[in-house]
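Trainee: The following block contains the structure, expressed as structure tokens.
The values are calculated or read from the model by the stated rules, or taken from the named source; none is laboratory data. Model, not experiment: these values are computed from the prediction. Positions of Cβ are backbone-derived with ideal geometry, glycine not excepted, and every protein chain shown enters the neighbour counts.
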Amino acid sequence: MNIIILRLRYSLKLSQNDMALILGISRSTLIRIERGDISPKADIITKLSILSGEKISYFYYSEDKHIKKIQNIIAKNNINDDTLSLLINQIEKNISDTL
């Protein structure tokens, strides 16, 4: 689910701050959701459904084809949370630079 939410945010070209504001949560909570540390509560899933135009079930049952690859890369390379946050921030910067 976390990769689906991350990809939704990228597709909407939103920063973590903007997405968190729309969802009514803190940026740190959004980061934890995107990393898969925590699962979003039902009200957040409902807001994501409205925002994306997808059914609520999409967030529970969709399997992203890249999830396993990403998880394996993270595990294989012992990527810690700080490094992962730096990578996500760099990706966001590159996306915003192209807009």
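Trainee: Can you run down the residue pairs with Cβ atoms below 9 Å, 6 or more apart or on separate chains, where the first is in region 5-17 and of a type in the set (Asp, Glu) and the partner is not in a helix (DSSP H, G or I)?
Mentor: none
Trainee: Just one of LEU14, LEU6 is crowded, with 16+ Cβ neighbours inside 10 Å and under 21 Å from ASN80 (Cβ atoms); which is it? Walk me through it before giving the result.
Mentor: Values: LEU14 fails: under 21 Å from ASN80 (Cβ atoms).
Going through LEU14, LEU6 in turn, the sole match is LEU6.
Trainee: Taking the condition of being over 18 Å from LEU86 (Cα atoms) and crowded, with 17+ Cβ neighbours inside 10 Å, how many residues in region 21-34 meet it?
Mentor: 2
Trainee: Check every one of the helices (runs of 4 or more DSSP H) wholly within region 5-99 and list those with 3 or more residues that are modelled with pLDDT of 85 or more.
Mentor: 16-23, 27-35, 42-52
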